[in-house]
Amino acid sequence: MNSFTIQSQLLKREYLKLHYQLMFARAWMLCMCVFAGLFIVFSTGLFVTHNYAIFDSDLYYYGLMVTIWTILIIIIPLITVPLSFKSNQMLQEATSYEFTEEGVNVTGESFTSLYKWAKIYKIKGVNGWILLYQSHRSANIIKVGLDNGTDIRALKDYLKQSGFKIKIQL
């Protein structure tokens, strides 16, 4: 059986963008953002109309806490994601992913690793990205670009032909 290779280089801005794409793909996050936006508009409207009575209720404070948490969930990655990218040299290197019968050979400028097919949790495609999960939360990020859908289609065909027992969501 032939092998299939994808070359990838990740940039800090793209890494941050992917983080937010994955974060806002979850329904609970979208619901919290809609709630926070409506709460801010509603509170501003009450403040402008001088209707201050609701500001003393417990429900208002619960809504305020959820709104503050939502804003923090959105703002904190602006600081932490670039720091984690800067501290991880493997993310910054040009990386080659070779899909073979044994597994996936990942080769960078300073590292080489092999992930056996039995140890790969799932492979998922997200808007020009391929995420190669080793567990429920840990993934290798492969950038293929939105304009280059041929890599994703070719990889999907390759994995289907090989018959590997992994979850494939491409």
Evaluate the following for residue 46: is it modelled with pLDDT under 90 and part of a helix (DSSP H, G or I)? yes
Of everything in the range 49-82, what is part of a helix (DSSP H, G or I) and of a type in the set (Phe, Trp, Tyr)? Give them in sequence order. 55, 60, 61, 62, 69
Candidate set: the range 44-96, residues that are of a type in the set (Val, Ile, Thr) and under 18 Å from the mean Cα position of the chain (by Cα); chosen: the one nearest to residue 143 (Cα to Cα): 81
Scanning the range 1-49 residue by residue, the ones that are farther than 19 Å from residue 133 by Cα, out of contact with any Leu (no Cβ under 9 Å at 6 or more places or on another chain) and not charged (D, E, K, R) total 25
Return the total of residues in the range 85-95 being farther than 23 Å from residue 153 by Cα, surrounded by 15 or more Cβ atoms within 10 Å (Cβ to Cβ) and not charged (D, E, K, R). 3
Mind checking which residues of the range 129-170 are modelled with pLDDT under 70 and β-branched (Val, Ile, Thr)? 150, 152, 166, 168
Quick test for you: out of 23, 65, pick the one residue that is in contact with a Pro (Cβ under 8 Å, 6 or more places away or on another chain), on the phi < 0 side of the Ramachandran plot and not acidic (Asp, Glu). 23
Going through the range 72-83 in order, the residues found to be surrounded by 14 or more Cβ atoms within 10 Å (Cβ to Cβ) and not aliphatic (A, V, I, L, M) are 77, 82
Residues of the range 96-130 being surrounded by 11 or more Cβ atoms within 10 Å (Cβ to Cβ) and either outside the structural domain of residue 144 (by TED's automatic domain parsing) or among the basic types (Lys, Arg) (or both), in sequence order, are 119, 122, 124
Search the range 43-62 for residues that are free of Cβ contacts under 8 Å to residues at least 24 places away in the same chain and pair each with any residue that is surrounded by fewer than 10 Cβ atoms within 10 Å (Cβ to Cβ) when their beta-carbon atoms are under 9 Å apart and the residues are at least 6 apart or on different chains. 46/52; 46/53
Of all residues being touching a strand residue (DSSP E or B) at 6+ places or on another chain (Cβ under 6 Å) and not in a strand (DSSP E or B) in the range 83-134, which is farthest from residue 17 (Cα to Cα)? Just the residue, please. 117
Identify, please: which residue in the range 97-140 is of a type in the set (Ser, Thr, Tyr) and within 21 Å of the chain's Cα centre (by Cα) and is, among those, nearest to residue 11 (Cα to Cα)? 97
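The values are calculated or read from the model by the stated rules, or taken from the named source; none is laboratory data. Since this is a predicted model, take the numbers as computed values, not measurements. Note that we place each Cβ from the backbone using ideal geometry, even for glycine, and neighbour counts take in every protein chain shown.
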